[in-house]
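The values are calculated or read from the model by the stated rules, or taken from the named source; none is laboratory data. Here the structure is a predicted model, which means the values were calculated and not measured. Positions of Cβ are backbone-derived with ideal geometry, glycine not excepted, and every protein chain shown enters the neighbour counts.
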Amino acid sequence: MSVLVYTENWNGKFRKSTFEAVSYANETAKLLGTNVVAVSLGEVSDDELNKLGNYGASKIISCTGVDKGDSQATTNIIAAAANDASIFIFSNTYTSKMIAPRLSAKLKVGAISNVIALAESTSPVQVKRKSFSSKAIETATVNTEKAILSILPNSYQLIETGGSCTIETLDSLDKGALTIEGQETTSGKISISEAEIVVSGGRGLKGPENWGMIEELAEVLGAATACSKPVADIGWRPHAEHVGQTGKSVTANLYIAIGISGAIQHLAGVNSSKIMVAINTDPEAPFFKAADYGIVGDAFEVVPKMIEEIKKLNS
Ligand SMILES: Cc1cc2nc3c(=O)[nH]c(=O)nc-3n(C[C@H](O)[C@H](O)[C@H](O)COP(=O)(O)OP(=O)(O)OC[C@H]3O[C@@H](n4cnc5c(N)ncnc54)[C@H](O)[C@@H]3O)c2cc1C
C-alpha cells in the first residue's frame, strides 16, 4: 500500500502546485503509515526530480517519451505505475482534470476534486472540498476502497522534509489512441490558477490600449493578469486570461478586480481568493458586496497611484 502522486511539470520544471500535491501526499501517507511514490511524465532532469524528495516523495517513477497532452496515454502510464497504491493525489490543474476522471473510470476508484484539506478519515476516505462554484464547502466520502483526490492549488501548504528519493524509469507502454493536432502555450507568464496575486481587468477599462497599467500593476506586485469574460470575448485579451464560472478558477491570496462589475458568473470563479479588492466608479457595483476592500474611484486615476506607491515600497 502506498500513496501515488502525479507530479505535473511545465517544460521540465515543477511548480508550487506540484510541491503542494507532494506535501499533501506525504501527510496522507503518514496517516496511512506508508510512503509516497511520485509519477513524472516527459523530460525532467534528475536535479528537478530530486526536488520531489524534499517534499516527501521516496520513489519517483519517471516516464519520458510521452506526450503529456495525451490524456489516454498518461492515464495508462499512471494506471501501470499504480501497483499497490491506495490513494492517488493530483493537483487540480487543467491537465489533471483530464487524467483523474479517466483514471477513476479505468481503475473503478472514486474521485473527489477541489479538495482543500487533509482527509478527516482514510477508511472510508472523507475530505472537505469546495462545491457549487466555491460557494459551499462539503465533506465528501469515497465509497470505494481506494480514492483519487485532486487538491485545489494554494489550498495546502508546502512542507519541506529534507528527504531524498530514488528514481526509476518506466517505458514501453501502450500509448493510447489520441492524436494531438496542436498545442498552444502561454509561455513566460505566471499561471492564473496558481498565482498568489492576480490583477484582473473588466469592461470598465474601455479598451485593450488601456491594459498597460494592468500589466504594470501586475509586474510590480509579481502577479498574474486576468480578465472578465466579455473582455476576452471581444478580443481585448486572450481567452487564457478569462476567469469565472466558464473560465479559469482563481485561488489567489489577493485578487484585485479593476472595472469589473462583479456578476455572479465572474465571482463564481474568483471567490476562493483569500482577499478580494474591487476598484469601481459605481458604489453600487455588486463586487463591493463580495470584496474585502473596495475603492470607489476611476481606475485611470487609482491604478497609476497604486503603481507609484508600490514602486516606492518595493524600493
Ligand atoms: C452562462 C454565463 C456564463 C458566464 N461566465 C462568465 C465568466 O466565467 N466570467 C465572467 O467574467 N463573466 C461571465 N459571464 C458574464 C457576466 O454575467 C458579466 O456579463 C460579466 O462578468 C461582466 O463583465 P465586466 O464586469 O467586465 O463588464 P460590465 O458588467 O460592463 O462592468 C464594467 C464595470 O466597470 C465599471 N467601470 C466603468 N468605468 C470604470 C472606470 N473608469 N474605473 C473603474 N470602474 C469602471 C462599471 O461601473 C462596471 O461595474 C457569464 C454569463 C453567462 C450568462
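Observations on the model:
- Criterion applied to THR179, THR74 was being over 23 Å from the mean Cα position of the chain (by Cα) and not charged (D, E, K, R), and the one residue passing it is THR179.
- Residue in segment 230-238 that is within 8 Å of the ligand (Cβ to nearest atom), modelled with pLDDT of 95 or more and in contact with a His (Cβ under 7 Å, 6 or more places away or on another chain) present: no
- Note on segment 86-133: residues that are free of Cβ contacts under 8 Å to residues at least 40 places away in the same chain and among the small types (Gly, Ala, Ser) total 8.
- Scanning segment 267-314 for residues that are of a type in the set (Asp, Glu) and not in a helix (DSSP H, G or I) turns up ASP282, GLU284, ASP292, ASP298.
- The single condition among (1) free of Cβ contacts under 8 Å to residues at least 60 places away in the same chain; (2) under 23 Å from SER193 (Cα atoms); (3) not charged (D, E, K, R) that SER272 does not meet is (1).
- When THR251 is tested against (1) assigned to a loop (DSSP other than H, G, I, E, B); (2) at pLDDT 95 or above, exactly one condition is not met: (2).
- In segment 267-278 there is no residue that is within 8 Å of the ligand (Cβ to nearest atom) and closer than 17 Å to LEU205 by Cα.
- Scan of segment 211-244 for residues that are assigned to a loop (DSSP other than H, G, I, E, B) and either within 27 Å of LEU313 (Cα to Cα) or of a type in the set (Gly, Ala, Ser) (or both), ordered by number: TRP211, GLY222, ALA223, SER228, GLY235, GLY244
- Residue in segment 4-20 that is over 18 Å from the mean Cα position of the chain (by Cα) and not in a strand (DSSP E or B) present: no
- Taken over segment 245-261, the residue count meeting the criterion of being within 6 Å of the ligand (Cβ to nearest atom) and under 14 Å from the mean Cα position of the chain (by Cα) is 1.
- Members of segment 292-315 that are among the β-branched types (Val, Ile, Thr) and within 16 Å of ALA223 (Cα to Cα): VAL303, ILE307, ILE310
- Pairs meeting the criteria (first residue in segment 238-252 and among the aliphatic types (A, V, I, L, M), second residue more than 6 Å from the ligand (Cβ to nearest atom) and modelled with pLDDT under 90, beta carbons under 6 Å, at least 6 apart or on different chains) are ALA240/THR186; ALA252/ALA195.
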